[in-house]
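Below: the structure, in structure tokens.
The values are calculated or read from the model by the stated rules, or taken from the named source; none is laboratory data. What you are looking at is a predicted structure, and each value in this text was computed from that prediction instead of being measured. Neighbour counts are summed over all protein chains in view; Cβ atoms, including those assigned to glycine, are modelled from backbone coordinates with ideal geometry.
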Amino acid sequence: MAVLRCTIVVASFMLFAGGAANALTQADNAPPSEPAAVEGAAGRGVRILPPEPPAPKPVAQEPQAQQPVHAVNPGPAVDPGRQAPVAAAPVAPVLKSCDRPVAKPTLRFTDPARFDRALKAKLRRGRPVVVDLDTPYPADNEAPLPLGAWLNEVKQSGGAVSVAPYCQKGRGLGGFFAKLFGGGPAEPYRAARRYDAVLHVDGVDQVVTQVEFAPRKATK
């Protein structure tokens, strides 16, 4: 019995030694390129990837100075269906009437029947007398009666009858005196013999608006 046990032990030892030697032989004969057995997940055919390196931290960049944005005026909106306005035709300037030379005249030539008596009374005082005409008459026409008779007396008695244009230089007023007065001196108008006469003519309308009787200067 003891011998049988020893035989079994020796056999087992030899079997174990033979298996170990066979294992070493296989290990030595294994190709060098075959990787060694890996325990755990690698041994089950799972590939383990190395950890990725940490991403680099972003570098803070200085903000660039913004360029100033210039506002662009788009201009007024134009309606394509609307026509452009047509330029208005030039308007001729309107000539304004000028004020008469004497703001406060002495008499107004309105009622011819009363005019002779009123003018005679003013001329006898020897002061200037200005007659304002409510209805001016053309400068190249004869003066209406009885004003024309007083101007005729001034002219026939050696006085001066002149023209004083205002507002604008008179045109063609130099030759109308030939037909302005006619006849000889008349006794009722002798008060005008100490006066000269000045016809104030509106140069724009060419009309006589005022007649001024000025005391005649003494001649040497």
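Numerical summary
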{"item": "Any pair with Cβ under 6 angstrom, 6 or more apart, that starts in the stretch 199-218 at a residue that is at negative phi and ends at one that is of a type in the set (D, E)", "result": "T209/D202; Q210/D132; A214/D196; R216/D196"}
{"item": "Of all residues making up the stretch 94-123, the number that are part of a loop (DSSP other than H, G, I, E, B) and surrounded by 11 or more Cβ atoms within 10 Å (Cβ to Cβ)", "result": "7"}
{"item": "Residue among A192, A139, A113 that alone is in contact with a strand residue (DSSP E or B) (Cβ under 6 Å, 6 or more places away or on another chain) and either at pLDDT 80 or above or closer than 13 Å to A214 by Cβ (or both)", "result": "A139"}
